[in-house]
Amino acid sequence: MKYQLEISTLLTPVNAHLLFEKCEWPELNSFDREMIGDYFYSLVDDIQTDSALADWTFTIIIHIGTYWGAKDIRIGKRGIIYTDTKEKVLTIGIPLPYHKTVSWGVEKKKRFAAKIPDSSKDKNVRLIPVDFTKYDDMGSYIEDTIKIALQYLFEVGFMIKGCKVRKK
């Protein structure tokens, strides 16, 4: 099985009034992407999978900055399966606080695209509570919560074509 990691954001850009190419998302530059990539590949390196999944790809999309007021990491339970291309995609949402919660939080409330979904939607995600005050800056917070989310995902595992994939 092949593994992929993508990191993006659901926040609106700082300077949305400019052309899209010039927009800025400072949150995406506040952490060490290479370290996160190395951590991810060290997690998946020794995972044994069923031979039926040999030509499958598992993609994790991590969204930095999810909903206004979110206080939990949100890990999708099922994801999306593309059987024709043999790919499974699962999303993880890393919440970011507003700057009135912690000094390093997101400064403009209007950068959050939406409010927290109704709690009835929580049955489709695993929630991991976050204490923003444990962290001194956005970079260390994002790095740590991504690691927590990835570790949790691979400990709990997920299903592809009836085969359980998890770290033992």
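Taking amide H atoms as placed 1.01 Å from N in the peptide plane, the amide H of residue 62 lies under 5 Å from those of 6, 7, 8, 92, each 5 or more residues away in sequence or on another chain. Taken over the alpha carbons of the stretch 1-113 as equal point scatterers, the Debye sum produces base-10 log I(q)/I(0) values at 0.11 Å⁻¹ of -0.46. Placing dummy labels 7 Å off each Cα toward the beta-carbon, the span from residue 159 to residue 77 is 1.1 nm.
Relative contact order of the chain: 27 percent, from C-alpha pairs under 8 Å at least 6 residues apart in sequence. Ranking of 77, 161, 2 by solvent-accessible surface, largest first: 161, 2, 77 (1.4 Å probe, protein heavy atoms only, all chains present).
Sites listed here are GluC sites (Glu not before Pro) in the stretch 67-168 whose DSSP assignment is loop and whose Cβ has at most 13 other Cβ atoms within 10 Å: 107.
Kindly identify the stretch 99-168 as rounded, prolate or oblate by the Cα gyration tensor criterion: order the square roots of the eigenvalues as a ≥ b ≥ c, call it rounded if a/c is under 1.5, otherwise compare a/b with b/c, prolate if a/b is larger, else oblate. Present the calculation step by step, with values, prior to reporting the outcome.
Details: a/c = 3.06, a/b = 1.62, b/c = 1.89.
Oblate shape, in that a/c is at least 1.5 and b/c is the bigger or equal ratio.
Carbon-plus-sulfur accessible fraction, the chain (probe radius 1.4 Å, protein heavy atoms only): 50%.
Which of the trypsin sites (Lys or Arg not before Pro) found in the stretch 82-113 are in a DSSP loop and have at most 12 neighbouring Cβ atoms, other than their own, within 10 Å? Show your work: numbers first, answer last.
Working: sites: 86, 88, 100, 108, 109, 110, 111; in loops: 86, 100, 108.
Here the sparse-neighbourhood loop sites are 100, 108.
Taking a point 7 Å out from the Cα of residue 133 in the direction of its Cβ, the residues of the stretch 63-85 whose backbone N falls within less than 19 Å of it are 69-73. Of 136, 118, the residue with the largest accessible area leads and the full order is 136, 118 (1.4 Å probe). Spin-label pair residue 140-residue 47: with each label point 7 Å from Cα along the Cα-Cβ axis, the two points sit 2.9 nm from one another. The helix-based estimate of mean residue ellipticity at 222 nm for the chain, built from -39,500 (n - 2.57) per DSSP H run of four or more residues and divided by its residue count, is -6000 deg cm²/dmol to the nearest 500.
The values are calculated or read from the model by the stated rules, or taken from the named source; none is laboratory data. Model, not experiment: these values are computed from the prediction. All Cβ positions, glycine included, derive from the backbone under ideal geometry; neighbour counts span all protein chains shown. To get the accessible areas, we keep the full protein, side chains included, count just its heavy atoms, and leave off ligands, DNA and RNA. Shrake-Rupley method; radii C 1.70, N 1.55, O 1.52, S 1.80 Å.
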